[in-house]
Structure formats: C-alpha cells, structure tokens
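Engineer: Just dropping this structure here.
The values are calculated or read from the model by the stated rules, or taken from the named source; none is laboratory data. The structure displayed is predicted, hence computed values, not measured ones. Every residue, glycine as well, gets a Cβ built from its backbone with ideal geometry; the counts of neighbours run over all protein chains shown. The accessibility values were calculated without ligands, DNA or RNA, using every heavy atom of the protein model including side chains. Shrake-Rupley method; radii C 1.70, N 1.55, O 1.52, S 1.80 Å.
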Amino acid sequence: MTEAAEAIRRTPGTPCWVSLMVHGLGSTEDFYADLFGWEYVPGPEQLGPYVRAVLDGHEVAGIGEMPPDGHLPMAWTTYLATDDADATAESVRACGGTVAVGPLDAGVAGRVAICSDPLGAVFGLWQAQARLGARPHGGPGTPVWHELITQDASTVGKFYEHVFGHEAQTHATAPDDFDHLTLNLAGRPVAAVHGVGRSLPHDRGPHWLAYFEVEDTDAAASRVEELGGRVVDPPREGMRGRQATVADPEGAVFALLRSRPSH
C-alpha cells in the first residue's frame, strides 16, 4: 500500500486495496507483470512471502504466497477503508456478517480484518496508518472499479448501507429484471452490487470482482489466454465500458475494463 505522503486518505467504505493469495508467487508475478506491466517491491515480512505490485511509481495491489498446506480458494480480495477496524468489525457481526481474521495490526502500515457479508462474499477492512492503500490515479494496470456479484442485490445492499454508510441507488432506466445497485458515498459512486440469482457461479459463490483498466479489452483477454489463464466471460459492452471477466493461471477471477472516454 502506498506511502501516506503520496496517497489520498479514502472515505470509509471506499475500496482502497486489492490483494491475492496464491500457491506460486513467482509465476503469478510473471503473469501480471506481462499483462499489466507491474513491477514488485517486498511487502511486510510478518505476512510471509508477499510483494506489492508497483506501476509508474505507485503501489496498486498485493500478492502473497500461501503456506504449502493452504487450501483457500484463489480470489482477489477487495478491501474497504475504515477509520476504526475494530468498530467496523463489530458492526459487521451485528449486521449478520462474519469476521474471519482480525482485526490485527499489519506492522506500522495499518490494521486489517478479513470479513464476509451475510451471503458469504469475502472482503477486507483496512484502517490506514503508515500506508493508506492504492493511490486512486487510474490508468491501465490499476484497479478502477469493484462490483459485488451476489444472489440478491437489495438484501445484501442493506448490509453495506448499515455497516459503511453507503447509499444504494437503483437505475431508473434499467429493465425491471436487472438487479443492480450502485453504492454511493457523498453522492459519488464507489462500488456496485449485481444480483444474478441462480446464475451465480457455483464454484465461486457470492464474491467481490475487481476491475483492472486496460487499453484494449479484447487484446488483453487474448493475452490472458496466451499466458495460461482463461476467459470466463468474453469481451462485451457493459455499463462502464468494454469489459471481460478472466482468470489467471491459478484460477483467480478478475475483470478487464476499457473505460469509455470522459467528455
């Protein structure tokens, strides 16, 4: 996570970091270095083998290596900012969620917890101290959007409203059968919730999906396959631009997004 002097403190409830735990740290580093142009710096030693991905001088993500006997599913974890990890963890529990790890200190960097919402989607809490999170500068290779894929948007949306103060907004022009909410803070969209009902992938269940910006979605999806990954959902036009859902060689799913030009 980037140095405090170089980052902007995030409003509580804003996605501020993404991390991934894998079996083969070196091969995973190579995959994302080729796909996104990432370079790496060592992370905190107390986390075991762990690196921070750096792009244009800014830290954008973390990748750690599981113990040999680790059997956690491969998945990118979205972290939401908080000013008080302990109080937010208590709120998670009070609102029907689960706190699986922590809150605990990550050295001088901050305080962290791993939680899940009432329908089972895993997310992290990050209380910044020396490190505030990924700098929100955007650009190819950076995480630019986060969407919760779950069974029912309205049910779980209330959980995030209560815990983080999100304002859930429906889309007035969307079809009646399109179950989608935008989570706003102070009128600004910070994330989304997409309810897909029985279409939820059985191998993943409810999950947060991190979107990484690319210059060309189709070319990036093809490169994922060339590097040993796979395309889960082929490139298509989405609400925020041309997007595709892909998986890295170890199976961690993420999205590629070519944002529409702003006017």
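Engineer: Taking only pairs six or more apart or across chains, which ones have beta-carbon atoms under 6 Å, a first residue in segment 228-254 that is on the phi > 0 side of the Ramachandran plot, and a second residue that is among the hydrophobic types (A, V, I, L, M, F, W, C) and assigned to a strand (DSSP E or B)?
Structural biologist: GLY241/LEU257
Engineer: Just to be sure I understand, how many residues within segment 236-263 are in contact with a Leu (Cβ under 9 Å, 6 or more places away or on another chain), open to solvent by 30 Å² or more (accessible area, probe 1.4 Å) and more than 25 Å from PRO73 (Cα to Cα)?
Structural biologist: Residues flagged as in contact with a Leu (Cβ under 9 Å, 6 or more places away or on another chain), open to solvent by 30 Å² or more (accessible area, probe 1.4 Å) and more than 25 Å from PRO73 (Cα to Cα) within segment 236-263 amount to 2.
Engineer: Kindly evaluate GLY197 against the criterion of being out of contact with any Gly (no Cβ under 6 Å at 6 or more places or on another chain), open to solvent by less than 20 Å² (accessible area, probe 1.4 Å) and at positive phi.
Structural biologist: For GLY197, the condition - out of contact with any Gly (no Cβ under 6 Å at 6 or more places or on another chain), open to solvent by less than 20 Å² (accessible area, probe 1.4 Å) and at positive phi - is not met.
Engineer: In segment 60-96, which residues are open to solvent by less than 30 Å² (accessible area, probe 1.4 Å), of a type outside the set (A, V, I, L, M) and within 25 Å of GLY251 (Cβ to Cβ)?
Structural biologist: Passing the criteria: GLY62, GLY64, GLY70, TRP76, THR77, THR78, TYR79.
Engineer: Restricting the search to segment 141-159, which residues are assigned to a loop (DSSP other than H, G, I, E, B) and either open to solvent by 20 Å² or more (accessible area, probe 1.4 Å) or not β-branched (Val, Ile, Thr) (or both)?
Structural biologist: Within segment 141-159, GLY141, GLN151, ASP152 qualify.
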